[in-house]
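Structure first, then comments.
Throughout, read-outs are computed from the coordinates displayed, never taken from laboratory work. Not measured: the values here are computed from a predicted model. Here Cβ is always computed from backbone atoms with ideal geometry, including for glycine, and neighbour counts include all displayed protein chains.
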Amino acid sequence: MHTLKKNRPLRRIVLASAATVSGMVLLLSLKPHSTPAVAGLATSPAPSSSSSTSSGTTGSSGSATGTRTLTGDSVQTRYGPVQVRATLKNGKLTDVTAVTYPQENPRDQQINAYAVPQLTREALTAQSADIDTVSGATYTSEGYRQSLQSALDSAGR
C-alpha cells in the first residue's frame, strides 16, 4: 500500500491545526485602516503650529544662558505624527516632553506608554538626539529622534 493512501488522522489534525493557527495569526496582525473610537481614553493633543518658542531667556537672542523651550518639527510616522518639546537650561537639556505621538488605538497606547518615557530618559542621559531605538516602537523612536534633533538644531546645538 502506498504511503499517501494510508489513513493518518493524527497527521491531518496537526496540519489542520497549524493552518488554522497560521491563518488566525495573519488575520490578527492586520492593522485596521480606520481607527476605532475608544470610549474613556485620551486623544493626542493638537500639534503646535510653531516650530520653536523661547521663554525666559537672558542675554542676547543667540545666548546659551537662561531657559529655552523649543518645540521640534512634527514628524509623520507610519502610525501617526510624533512631536517633542525640549527644555534647555544654560545650554543643557533638562526636559523632553512628547507633545504628540501615536495613541489612536489601545495597541498604540500600550506601546507608547513604555516607549516614550524610555526615550525621554535616554535623551536626557545622552544630552542629544543620539539615542537608541526602543524595541517594539521603532517608528515612534525614529520620529522622536528626528523631532528632538530639529528642536536642538533650532537652539543651535
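Of everything in the range 73-114 that is of a type in the set (D, E, K, R) and within 15 Å of Ala129 (Cβ to Cβ), the residue that is surrounded by the fewest Cβ atoms within 10 Å (Cβ to Cβ) is Lys92. For the range 111-152, give me each residue that is touching a residue at least 40 places away in the same chain (Cβ under 8 Å) and among the aliphatic types (A, V, I, L, M). Passing the criteria: Leu148, Ala151, Leu152.
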